[in-house]
Amino acid sequence: MTSYKTGLNFALELDKTDELSHFRSQFHIPKHKNGEDCIYLCGNSLGLQPKITQSYINQELKDWAELGVEGHVHGENPWLSYHELLTDTMAEIVGAKPIEVVVMNTLTTNLHLMMVSFYRPTNKRYKILIEGDAFPSDKYAVESQLRHHGIDEKEGLILWKSREGEELLRYEDLESILKEYGDEIALVMIGGVNYYTGQFFDLKRITELGHKYGCFVGFDCAHGAGNVKLNLHNSGADFAIWCSYKYLNSGPGSLSGVFVHERHAYDKNLNRFTGWWSHNKETRFKMRDDFDMLPGAEGWQLSNPPILSMAAIKASLDVFKKAGMDNLISKSKKLTTYFEFLLNELNHKSIKIITPINNNERGCQLSIQVKNADKSLHHKLTDVGIICDWREPDVIRCAPVPLYNSFEDVFNMVEKLKLILNGK
Ligand SMILES: *Cc1c(COP(=O)(O)O)cnc(C)c1O
């Protein structure tokens, strides 16, 4: 455990000894009105653009211009198999085997596709368990699946809620729910890292619990991928989904990753929606054959994918590969613990960190509750060049990202917050 000190010099010292500090210059950092870099702490919402992204996209524009349809086969990175260029690094980032991972569609779409396979309600087992404060899109998607199967959403949805006066979820409460309703629950679907509190769940523990009661278990890792060590394969989860535009820096609305555990890789009886891209690559273009399912996560693909978005993902993954997930997580823990230290040093009675204190139960995000604050606090922060986000009623979420944030960023953020809280 590093011991931290206050003062700008200490932050500068930490930056000097940070072996990943040079990655910051490989990103476009938005500028504040005075022309200085913003303090960008919003990588949990939209990650910054790597400088190499433009050339990766330009390469595909060039091949399209020069080759037209031939680019599918003769492009620098042939489009037919482009998604395969992403698989190994993506699998490594989320701790999965390549056969378990594919990049396709967008996140909520993939959640639905996964539920087609892993939410198969019967008369007796038809409920879905999610977190009490699940991300709205996930909740809406799950409710619509219930309705799709003719199940009343109030009857079919079970919420794992925090206790009165608490923010974080407790595993013993999950256990009680499963003990009581386990044989009625078809699917347990939890956010790997809760978007609001930043609580990083024990995926393996939740999976084992769910499986013990005969439920399928899936995770939405939108706030986990590229942020924490997910170890999806070892967790044993049936499926997971995540987007690539938050910590994975692949641009607004970019594509989603999907994990389907190896144990389902060859199961042709698992119901699914299919298209020509889930069909055997060798005979895909004969166009007449009976459906011949691709094994693994690729067997859930529907369409030929948007290459320009994939190029942005490839650029980002190449940066991740250079930095190394383990190095990033090690810096991330230092950076966020330093952030927490400075906030505690502030010793300001109106702020409370609701994210877990334990480094292994969170990623880089800290959710800071500010008593009696309203959105004007967020405006004041933006005004002094701090980009973070505001969640009603009174929480600011700040994510110092190890790839491009510095210890100096964190120091300056807390200094500016202090001035604002003290009305200066
Ligand atoms: C960001 C996020 C989404 C967004 O879904 P899209 O389909 O990419 O718009 C959904 N769920 C969670 C948990 C998220 O964090």
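Read-outs: derived from the displayed coordinates by stated rules, not from any lab. Model, not experiment: these values are computed from the prediction. Glycine also receives a Cβ, built like all others from the backbone with ideal geometry; neighbour counts cover every protein chain displayed.
Here are a few things to note about the model shown:
- Residues in segment 231-266 reached by a label modelled at ILE52 [backbone nitrogen below 16 Å; 7 Å Cα→Cβ]: 248-251
- Residues LEU61 and SER3, FRET efficiency given R0 of 30 Å [Cβ-Cβ distance, rounded to 0.05]: 0.05
- Length-normalised contact order for the chain - Cα pairs under 8 Å, 6+ apart - percent: 23
- From its DSSP helices (H runs of at least four residues, each -39,500 (n - 2.57)), the chain gives a residue-normalised ellipticity at 222 nm of -11000 deg cm²/dmol.
- Among HIS72, GLN301, LEU178 - extreme Cα towards positive end, dipole of the chain, charges at beta-carbon: LEU178
- Charge dipole (debye, nearest 20) of segment 83-304; +1 at Cβ of Lys and Arg, -1 at Cβ of Asp and Glu: 400
- Ordered by the number of other Cβ atoms lying within 10 Å of each residue's own Cβ, fewest first, SER254, SER81 fall into the sequence SER81, SER254.
- Neighbour-count order for CYS38, CYS388, CYS398, fewest beta carbons within 10 angstrom listed first: CYS38, CYS388, CYS398
- Difference of contour (0.36 nm per residue) and Cα-Cα distance, HIS22 to LYS286: 90.1 nm
- Applying both filters, DSSP loop and at most 13 other Cβ atoms within 10 Å, to the GluC sites (Glu not before Pro) of segment 69-128 gives GLU76.
- Percent of beta bridges antiparallel (DSSP, segment 83-304, rounded to nearest 5): 40
- Length gained when the stretch ARG205-ASN327 is fully extended (0.36 nm per residue, less Cα-Cα span): 41.4 nm
- Segment 83-304, relative contact order [Cα under 8 Å, separation at least 6], %: 25
- Secondary structure note: in the chain, about 55% of the DSSP beta bridges are antiparallel.
- Taking PHE411, PHE273, PHE216 as the candidate residues, the one with maximal mean-square fluctuation in a Gaussian network model of the chain, Cα springs under 10 Å, is PHE273.
- Burial ordering of ARG272, ARG263, fewest other beta-carbon atoms within 10 Å first: ARG263, ARG272
- The chain shape via C-alpha gyration tensor axes, a/c threshold 1.5: oblate
- If the chain linking TYR266 and GLU172 were pulled fully straight, counting 0.36 nm for each residue of separation and taking away their Cα-Cα distance, it would gain 30.3 nm.
- In this calculation the C-beta distance from THR274 to THR382 is compared with R0 = 45 Å, giving a FRET efficiency of 0.50.
- Rough spin-label spacing in nm, given labels placed 7 Å along Cα→Cβ, for ASP15 and GLU392: 3.7
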